[in-house]
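Input: a single structure, listed below in structure tokens.
Values in this text are rule-based calculations from the coordinates and carry no lab data. This structure is a prediction, so every number in the text was calculated from the model and none was measured. Quick reminder, even Gly has a Cβ in these numbers, built from the backbone with ideal geometry, and neighbours come from all protein chains shown.
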Amino acid sequence: MFNKIKDWGSSQAAAVYLRAKIERYAELKTLEIDRSAKKIHMVFQLKGETEAIDLRVNEYALSHEKEHDFVVVAQVECSREWLHLLSVDHLVGKKLKIPSVVAKLL
């Protein structure tokens with residue numbers, strides 16, 4: 001029960017952060033983080049598009065090195081093939097530097 005509450009709080013805080021980052025391009029409809037399973041599910045609507053996009057990070061890992069936080073996405077699924085391929089090519093397996101506030105939410 002406590003983990004679900006923490007996940008809900010993390011999801012809400014991360015949604016506020018992400019909405020500010022993507023508001024020019026898309027509207028975030030849903031963001032759910034499962035910290036114990038290391039999964040993220042989001043649904044967003046690109047501006048000018050009629051259908052929402054479903055994106056799932058099915059596995060990720062966090063690391064902290066030299067005062068910086070990183071995330072590595074191991075597996076991703078997306079409802080749009082082009083975005084799935086783009087994610088596989090440029091996201092999966094890459095060590096991405098993230099703000100410490102984001103790392104604390106994941």
Counting only residues in the range 15-54 that are farther than 19 Å from VAL101 by Cβ and basic (Lys, Arg), the one surrounded by the most Cβ atoms within 10 Å (Cβ to Cβ) is identified as LYS39
Would you confirm whether or not the range 45-53 contains a residue that is touching a residue at least 24 places away in the same chain (Cβ under 8 Å), touching a helix residue (DSSP H, G or I) at 6+ places or on another chain (Cβ under 8 Å), aliphatic (A, V, I, L, M) and not in a helix (DSSP H, G or I)? yes
Out of (1) hydroxyl-bearing (Ser, Thr, Tyr); (2) in a helix (DSSP H, G or I); (3) in contact with a strand residue (DSSP E or B) (Cβ under 6 Å, 6 or more places away or on another chain), the one TYR17 does not meet is (3)
Does the range 63-70 contain any residue that is closer than 26 Å to LEU85 by Cβ and either surrounded by 15 or more Cβ atoms within 10 Å (Cβ to Cβ) or among the basic types (Lys, Arg) (or both)? yes
How do the pairs read when you match residues in the range 85-101 that are over 17 Å from LEU55 (Cβ atoms) with residues anywhere that are hydrophobic (A, V, I, L, M, F, W, C), using Cβ under 6 Å and keeping only pairs 6 or more apart or on different chains? LYS95/PHE70; LYS95/VAL72; LYS97/PHE70
